[in-house]
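This is the structure I want to talk about, given as structure tokens.
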Amino acid sequence: MGSDRKVKRPQGDFSRRKLVFLGVGALALLGFSWVWLLCEPEHHWGLLSGFCFLGGAAIGHAWALGLHHHFVPTAAEVVHLLQLQRHAFLNHLQVISALAQLNKPEHICEYITSTNKDLDRERCLTGLLPAEAGLVLLDWCYRLHDAGVAVEVDLKTDLSRLANGTGLAALLMEALTALIGAGSAVKEVALKSFSENGDEVLELTLVFDGNLPWPHPARLRERARTVPAEVKVKRQENTLTLAVLLTPVHVPAAPKVGAAKS
């Protein structure tokens, strides 16, 4: 069962308010340039062209920043993840020590088995997905665990060599922030991967207690183009499924050390 505690939403390094300010400023600059041209049509063509170029560049930069808004944990957050792992490891040792003092070997075996499942889940996230996407999902798994939300991971395919791991991380961050970080009462989360009709599919299923949120489709589609991928969303009662169909474009494997040269 889920918990009443809210899932903590990650904070971006570049706020949306700043993005809006930058975009509005660029549009104002373009508007001023066109008014100037209408008032003085015979002068300032070079200056007008410069203003238009700068305005377009500013708008493009704002859009790019919006698309890449905090798609991967920062260095400080990676350190925080390592601290969480160390803290969890110490907790495991304390639990095992306490069970040993109580002379309950059968409970120790059960606890170690349960812990192995948690470690295997983390191994799958960081080993079978691109590093950027794995860090995003690992960060969210810790947030969900802290909120008492059950997370199931079942990755059947190796997606670690996808050509654009950064794009996949951005897509996952956008979707998870929209679905979970908006204060929705999520109870269960399941992540799985499989092959279907020549595509690699990464499927995220969320079970909610109450109304289902709805991710912004335009932003998800825009992020999916950079992967490249296709996004499909399905809603059924209190369950929402987000399927990411990945085009199988991979980076070449790194050459083995000491391999014979042809």
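When the dipole is taken about the Cα centre of the stretch 152-243, and only Lys, Arg (+1) and Asp, Glu (-1) are charged at their Cβ, what size is it in debye, to the nearest 20?
Details: 11 positive and 13 negative charges, 61 e Å.
The calculation lands at about 300 debye.
Follow-up. For the stretch 98-110, in order, what is each residue's ³J(HN,Hα) by Karplus, 6.51 cos²θ - 1.76 cosθ + 1.60 with θ = phi - 60°, in whole Hz (x at glycine and Pro)?
5, 5, 5, 5, 7, 6, 10, x, 5, 6, 4, 4, 5
Taking a ≥ b ≥ c as the square roots of the eigenvalues of the Cα gyration tensor of the stretch 75-246, is the shape rounded (a/c under 1.5), prolate (a/b larger than b/c) or oblate? Before the final figure, lay out each step's value.
Working: a/c = 2.03, a/b = 1.72, b/c = 1.18.
Prolate, since a/c reaches 1.5 and a/b exceeds b/c.
Read-outs: derived from the displayed coordinates by stated rules, not from any lab. Just so you know, these numbers come straight off a predicted model, no measurement behind them. Please note: Cβ atoms are built from the backbone with ideal geometry, for glycine as well, and neighbour counts cover all protein chains shown.
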